[in-house]
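First comes the structure, then the notes that go with it.
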Amino acid sequence: MRIAIAGFSDETCTFCTEPTGIERFEPATQRGQAILDANRGIPTYINGYMRVLEATEGAEIVPLVYASKTPGGFQSWLVPECFDKYANEIADRLRAAGKLDGVLLSLHGAMAVSGVPKPEAELVRRARAAVGNIPIMVTLDLHANEDHELTDAADAVFILKTYPHVDSQEIGEIAARCMVETVRGFFRPVQATRKPPIISASIYQASEYPPMKLVYDRCREWERKPGVYCVSVAPGYAYADVPDVGMFVVAVTNGDRELAEAAAQDVADLAWTLREQFAAPLPKPKEGVAQVLDLVARGEKPVVIADGADRIGDSTHVLKELLAQGARNWAIPGIADPAAAKRLETNSKVGDKVTISVGGWYNALSGQPVEITGTIEYIGRPSYVLVGPMRKGARVQDGFVARLNLGDNRHVVVADRMRGANDSSGLTSVGVDIGTLDIIVLKDRVHHRAFWDSVAKVDFRMDAPGIGLADISLLQYENIPAGIYPLGPQWRK
Ligand SMILES: [Zn+2]
């Protein structure tokens, strides 16, 4: 049994400005054995494929190419040449791979390509043209914008069940197990799909909290019924202005069309009844920071502020309010500002007291630059190992960062690019003692909760301006379906 493995993964924020070319993918792209080496022991989709196939007698893994972007940057639509390069390389390598029995594709589902409206479906069609009638199965992130075109092209589609994403390896295993059983002739995948017309900001999509928890609980109920193999729901990725934006349901059964249709319909119906929960207003920075200080004063701390709108890392709305409202004992693990970082790298060392203007440079949504004065307590390019449940054990190599202590245990890390702290390592690596903090400001929506929910008393979601904002009615869409909830004219108050 020879199973090819390939991938081409991107979550494209089309509200960013710079087009994405091959140069952003090629340095991070792996080919052949390097794909397996890079994933072994790390809980990824590919490692999930490997675990099942390596445990399957007579199975041979044929690793082809895995294309993904280098971290950081503000890239928007992929240029067509970039999509063609990797989609065609996958197809060409499939053709050259000799006799294959199946293909596992690790995609993301929110790639946006100029001139290619549904890139993942197009990629699978090209793979299909290369291999003919053997099973092609796909794994996706749940921030996927897909519709039936993908399931028409692929034999089975499996989507993450958790946000924070802690089940990438498990979904890889589910797909690979389905592949093995299908190749052996014990399984005949049948898919049913639904497309509930709901678009939602990522910050509303946490899998352990309503509304998505209710949707996923229903999926798990269906999966307990005999014959139902997997029921997936992608709530979708709202920051891509594409025609198949929004929620997508896929039920995979063993040969039972009626059962698949019933499961998909039921889950889609439930999601529709919950739609208002995907658009509940969140506090803006001024009132939000005031509420956070109130929580801290009452001992409800530490508080994590999820500044989910900031996908560039340069937003200053929350920083400005923390300073204006006199907050103490807080840390922001990253204000992305390449120019400020360069100045600090060139002119400063640990112990220097500096005044510098940071952030607010990307666009008007980022807010104004904010001047801060503090003592540099860390400067360098930290390298550290992730300790939280997401990608535990993976090594992170940051770019240049400098941590300023503004006094009163207030810390701002100025970084040359977007820098998160989805677990404590992002802060401890630059010398912050997280045990002393009342407030941690994370430029993130949900992923951080995999770690920080075990530390923070409160996860406080804030709706600052930014291209990843919670109130998506402020974004200028051109390509999405006209009536989609909550943006269609019939839903506007
Ligand atoms: Zn995701």
Matching residues in segment 216-243 (buried (at least 23 other Cβ atoms within 10 Å of the Cβ), within 16 Å of the ligand (Cβ to nearest atom) and closer than 27 Å to Ala176 by Cα) number 6
Which condition does Ile22 not pass, out of (1) surrounded by 19 or more Cβ atoms within 10 Å (Cβ to Cβ); (2) touching a helix residue (DSSP H, G or I) at 6+ places or on another chain (Cβ under 8 Å), if it passes all the others?
(1)
Any residue in segment 144-171 that is closer than 14 Å to Glu120 by Cβ and acidic (Asp, Glu) sitting within a Cβ distance under 8 Å of a residue that is assigned to a strand (DSSP E or B) and within 11 Å of the ligand (Cβ to nearest atom)? List the pairs, counting only those 6 or more apart or interchain.
Glu146/Leu140; Glu146/Ala234
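Listed here are the residues, each with its yes/no results for (1) under 21 Å from Asp155 (Cβ atoms); (2) over 23 Å from the mean Cα position of the chain (by Cα); (3) without any contact (Cβ under 8 Å) to a residue 60 or more places away in the chain.
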{"position": "Leu78", "(1), (2), (3)": "no, no, no"}
{"position": "Tyr86", "(1), (2), (3)": "no, no, no"}
{"position": "Ala91", "(1), (2), (3)": "yes, yes, yes"}
{"position": "Asp101", "(1), (2), (3)": "yes, yes, no"}
{"position": "Gly109", "(1), (2), (3)": "yes, no, no"}
{"position": "Ala112", "(1), (2), (3)": "no, no, no"}
{"position": "Gly115", "(1), (2), (3)": "no, yes, yes"}
I'm trying to understand the selection: among the residues of segment 465-481, which are part of a loop (DSSP other than H, G, I, E, B) and modelled with pLDDT under 95?
Pro465, Gly466, Ile467, Gly468, Leu469, Ala470, Asp471, Leu475, Gln476
Might you check whether a residue that is over 26 Å from Trp77 (Cα atoms), in a loop (DSSP other than H, G, I, E, B), more than 16 Å from the ligand (Cβ to nearest atom) and modelled with pLDDT of 95 or more occurs anywhere in segment 188-195?
yes
Subset of segment 322-366 (residues that are at pLDDT below 95 and either touching a His at 6+ places or on another chain (Cβ under 6 Å) or within 25 Å of Asp433 (Cβ to Cβ) (or both))
none
Which residues, counting only those in segment 129-144, are outside any loop (DSSP other than H, G, I, E, B) and either touching a Pro at 6+ places or on another chain (Cβ under 8 Å) or away from the ligand (no atom under 16 Å from the Cβ) (or both)?
Ala129, Ala130, Val131, Ile136, Met137
Criterion (farther than 20 Å from Pro197 by Cα and either hydrophobic (A, V, I, L, M, F, W, C) or modelled with pLDDT of 95 or more (or both)) met by exactly one of Ile159, Ile136
Ile136
Just name the residue that is farthest from Leu100 (Cα to Cα) out of those in segment 18-45 that are of a type in the set (Val, Ile, Thr) and touching a strand residue (DSSP E or B) at 6+ places or on another chain (Cβ under 6 Å).
Thr20
Inspect segment 399-413 for any residue being more than 29 Å from Asp471 (Cα to Cα), surrounded by 15 or more Cβ atoms within 10 Å (Cβ to Cβ), within 21 Å of the chain's Cα centre (by Cα) and in contact (Cβ under 8 Å) with a residue 12 or more places away in the chain and give the result as yes or no.
yes
From (1) surrounded by fewer than 18 Cβ atoms within 10 Å (Cβ to Cβ); (2) under 27 Å from the mean Cα position of the chain (by Cα); (3) of a type outside the set (Ser, Thr, Tyr); (4) closer than 30 Å to Gln368 by Cα, pick out the condition that doesn't hold for Asn329.
(2)
Does any residue of segment 292-315 turn out to be touching a helix residue (DSSP H, G or I) at 6+ places or on another chain (Cβ under 9 Å), closer than 21 Å to Gly236 by Cα and in a helix (DSSP H, G or I)?
no
Within segment 152-169, residues being outside any strand (DSSP E or B) and either in contact with a Pro (Cβ under 8 Å, 6 or more places away or on another chain) or within 15 Å of the ligand (Cβ to nearest atom) (or both) number 11
Looking only at segment 424-449, which residues are among the basic types (Lys, Arg) and part of a helix (DSSP H, G or I)?
Arg449
Determine, yes or no, whether Lys286 is more than 24 Å from the chain's Cα centre (by Cα) and in a loop (DSSP other than H, G, I, E, B).
no
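Residues are listed down the side, and each one gets a yes or a no for (1) crowded, with 23+ Cβ neighbours inside 10 Å; (2) in contact (Cβ under 8 Å) with a residue 24 or more places away in the chain:
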{"site": "Val446", "(1), (2)": "yes, yes"}
{"site": "Val458", "(1), (2)": "no, yes"}
{"site": "Ala464", "(1), (2)": "yes, yes"}
{"site": "Ser473", "(1), (2)": "no, no"}
{"site": "Ala482", "(1), (2)": "no, no"}
Do we have any residue at all in segment 98-116 that's surrounded by 22 or more Cβ atoms within 10 Å (Cβ to Cβ), within 16 Å of the ligand (Cβ to nearest atom) and farther than 25 Å from Pro481 by Cα?
yes
Can Thr70 be described as more than 30 Å from Arg184 (Cα to Cα) and crowded, with 21+ Cβ neighbours inside 10 Å?
no
Looking only at segment 245-283, filter to residues that are aliphatic (A, V, I, L, M) and farther than 26 Å from Ala201 by Cα; which one of those is nearest to the chain's Cα centre (by Cα)?
Val252
Could we say that Glu149 is away from the ligand (no atom under 15 Å from the Cβ), modelled with pLDDT of 95 or more, surrounded by fewer than 23 Cβ atoms within 10 Å (Cβ to Cβ) and closer than 21 Å to Phe8 by Cβ here?
yes
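Condition check ((1) within 16 Å of the ligand (Cβ to nearest atom); (2) modelled with pLDDT of 90 or more) across all residues:
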| residue | (1), (2) |
| --- | --- |
| Arg417 | no, yes |
| Asn422 | yes, no |
| Thr428 | no, yes |
| Lys443 | yes, yes |
| Val446 | yes, yes |
| Trp452 | no, yes |
| Lys457 | no, yes |
Take segment 358-377 and flag every residue that is hydrophobic (A, V, I, L, M, F, W, C), surrounded by 16 or more Cβ atoms within 10 Å (Cβ to Cβ) and either touching an Asp or Glu at 6+ places or on another chain (Cβ under 6 Å) or over 13 Å from Val413 (Cβ atoms) (or both).
Val358, Trp361, Leu365, Val370, Ile376
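The values are calculated or read from the model by the stated rules, or taken from the named source; none is laboratory data. No experiment lies behind these values; they were computed from the predicted model shown. Every residue, glycine as well, gets a Cβ built from its backbone with ideal geometry; the counts of neighbours run over all protein chains shown.
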